[in-house]
Structure formats: C-alpha cells, structure tokens
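Undergrad: Supplied in structure tokens, the structure appears directly below.
The values are calculated or read from the model by the stated rules, or taken from the named source; none is laboratory data. Predicted model only: the values in this text are computed from it and were never measured. Note that each Cβ is placed from the backbone with ideal geometry, even for glycine, and that neighbours are counted across all protein chains shown.
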Amino acid sequence: MNTTLRSALAAAGTAVLTGTAVLAGGAAPALAGPTYTYDVTVRTGDRENAGTSAGVFLTLYGDDDRSAEIRLDNEGHDDFERGQTDRFRVRTPVRLGRLLTVRIRHDDRGKKPGWYLEHIRVDRAGEDNDARFAFHRWLARGQADNAICLLQHRRPGEPTPCP
C-alpha cells in the first residue's frame, strides 16, 4: 500500500463502500498503481427481524495481505433486509492473495440493529479465487453470545466472535 493512501486511510478512519470504495466522509481514494477488485455478495437470512438498520463493515484477509475495513453500503438502496442478497464491488490497493478469512461487524445503531447473516461470497475478478463463508448466525446484542462482530474462516466451522 503506498504511503499516501495509508496516511489518508489512517486519517479518515474506516473506509466506506458505495458502489466502489471511498474514504470516510465520502472522498474517493487516489489509488496510485494497480487496484484489485473483489465482488462481495452478502445474504441476509429469511427469518423474522433478520434485517438490520445498522452500518455493516467487512475486512478481507488473504494469505498475502488484508484489506482496510470497508463499509458495505449501496447508496440509495436499503441493504441487508430479510431474505435479501446484496452485492458490492470492493477495490483494494494491495493484492490479498488466496482469501482465507472475513471479519464482519455492524455498528449496533438504528432502530433494529440485530442481523441474521446467512453467508458471504467473495469473488476476485479475473481469477479463480472465489470463497464462500457460511455464518448462519445472529450478529445482535441479546442473542447467544452478544456478538456484533464475527470472524469466519474459509474452512468449515463455526464463526467466532472478534477478539
């Protein structure tokens, strides 16, 4: 990652996604050099109160590097509703390599922040590097372990709360 972008990300805090990655506050990052594109598909469960009003954030971990935290938000669209599949295009300034883990969280804001997440699929454009991460789990205060942040690995297994 170049130092200008690293400084901008650090100063801006969390990255935000609105169709393409932009920095917090809405400024588009000036990416020098190559960018790597990932198509992210998120499936919300089809059960009562499964949708969320909270902001949702994703971090991708590969065997080469990891992304900055990215807010998933399709501007003008009500994302993460019951039974809905949402798609996002994410660009990173670093090649992540083979995807191993995703970190997903929400900010616990809004009238109904609880969320039932079925799965996340990540496809690297132009490569045979798609990965599916199964959750089948609530991210909600007052549910099971109270987790609003989960890590899931590519290999089968239960997601774990973020440290």
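Undergrad: Within the set of pairs 6+ apart or on separate chains, which have a first residue in segment 123-139 that is in a loop (DSSP other than H, G, I, E, B), a second that is of a type in the set (A, V, I, L, M, F, W, C), and C-beta atoms under 9 Å apart?
TA: As it stands, the answer is N129/L96; N129/L99; N129/V122; D130/L99; D130/V122, since those pairs meet every condition given.
Undergrad: Of L99, L117, which residue is modelled with pLDDT under 95 and aliphatic (A, V, I, L, M)?
TA: Unique residue meeting the criteria: L99.
Undergrad: Still on this structure: Suppose we filter segment 140-163 for residues that are touching a residue at least 40 places away in the same chain (Cβ under 8 Å) and in contact with an Asp or Glu (Cβ under 9 Å, 6 or more places away or on another chain); how many remain? Write out each step before concluding.
TA: We begin by selecting, within segment 140-163, every residue touching a residue at least 40 places away in the same chain (Cβ under 8 Å); these are 148-154, 162.
Imposing the further condition that a residue be in contact with an Asp or Glu (Cβ under 9 Å, 6 or more places away or on another chain) reduces the set to 148, 152.
So the count comes out to 2.
Undergrad: Follow-up. Considering only residues that are outside any loop (DSSP other than H, G, I, E, B) and farther than 19 Å from L151 by Cα, which ones fall in segment 45-87?
TA: Initial filter on segment 45-87 (outside any loop (DSSP other than H, G, I, E, B)): 56-62, 66, 70-72, 85-87.
If the condition is that a residue be outside any loop (DSSP other than H, G, I, E, B) and farther than 19 Å from L151 by Cα, then T85, D86, R87 are the ones that fit.
Undergrad: Is it the case that V56 is free of Cβ contacts under 8 Å to residues at least 60 places away in the same chain and within 11 Å of V40 (Cβ to Cβ)? Spell out the reasoning first.
TA: On the way: free of Cβ contacts under 8 Å to residues at least 60 places away in the same chain: yes; within 11 Å of V40 (Cβ to Cβ): yes.
Spelling it out, V56 is indeed free of Cβ contacts under 8 Å to residues at least 60 places away in the same chain and within 11 Å of V40 (Cβ to Cβ).
Undergrad: With (1) touching a strand residue (DSSP E or B) at 6+ places or on another chain (Cβ under 6 Å); (2) loosely packed, with under 15 Cβ neighbours inside 10 Å; (3) over 20 Å from Y36 (Cα atoms) as the list, and H77 as the residue in question, which single condition is left unmet?
TA: (1)
Undergrad: Could you list all residues from segment 134-152 that are surrounded by fewer than 20 Cβ atoms within 10 Å (Cβ to Cβ) and closer than 16 Å to T41 by Cα?
TA: Within segment 134-152, A134, H136 meet the criteria.
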